[in-house]
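Single-structure report; data block below.
The values are calculated or read from the model by the stated rules, or taken from the named source; none is laboratory data. What you see is a predicted model; the values in this text were computed from it and never measured. Ligands, DNA and RNA are excluded from the accessible area calculation, which covers all protein heavy atoms including side chains. Shrake-Rupley method; radii C 1.70, N 1.55, O 1.52, S 1.80 Å.
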Amino acid sequence: SSDLPSVLFIGVRNPQELHIVDSEEHPGRNITGVSLDTLRTSYGAEVLLQYNPEVKSVLIPYHRDDNGGFISDEVAGCREYLEAHGVESIALEIPSFADTMTYLKSSLDGVDSILLLTGSICLSTLDGVVKLANQYDIQICSFGLDTIDHGATYAYGANLDTLGRVSAEVDRKSTRLN
């Protein structure tokens, strides 16, 4: 109803499964947003191999709560895709944000590329990850087109900075209309 504030969500993997909306076609209340659930779980690995077909070993760092807890699906999809294409994949579960750089540094020997998936804990420390990768001459394939500006070698998905700004402007305009 028009007396209720509208709610805007961005980048939710599966808004129906998370009970944010009743369905994507009929949300059930004053709510709208953008779901990133349309990407295949292997998409990050597909992009990486498209741009770096010679890669031999890929490190996939993650925290179990990344991407709303759905990161394990994406890690499994990427690992399966990489292994099917003869590429070794190493899933590295990072226990906490504070451990990110220590765990990464201890896992980079023999790695050609780092794959940062949707909502990866490493995206919060991307500048440090890029610096570390540069020291080891390792390429980074990352979710979020804006990560290129921070030093990722390749990127896929949405430009989250732009998506956030545009979504906020749409919300401001719709709030003024009500």
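Here are the numbers for this structure:
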| quantity | calculated |
| --- | --- |
| Accessible surface of the stretch 34-150 [probe 1.4 Å, protein heavy atoms]: carbon and sulfur percent | 47 percent |
| Accessible area, probe 1.4 Å, largest first, for residues Asp22, Asp99 | Asp22, Asp99 |
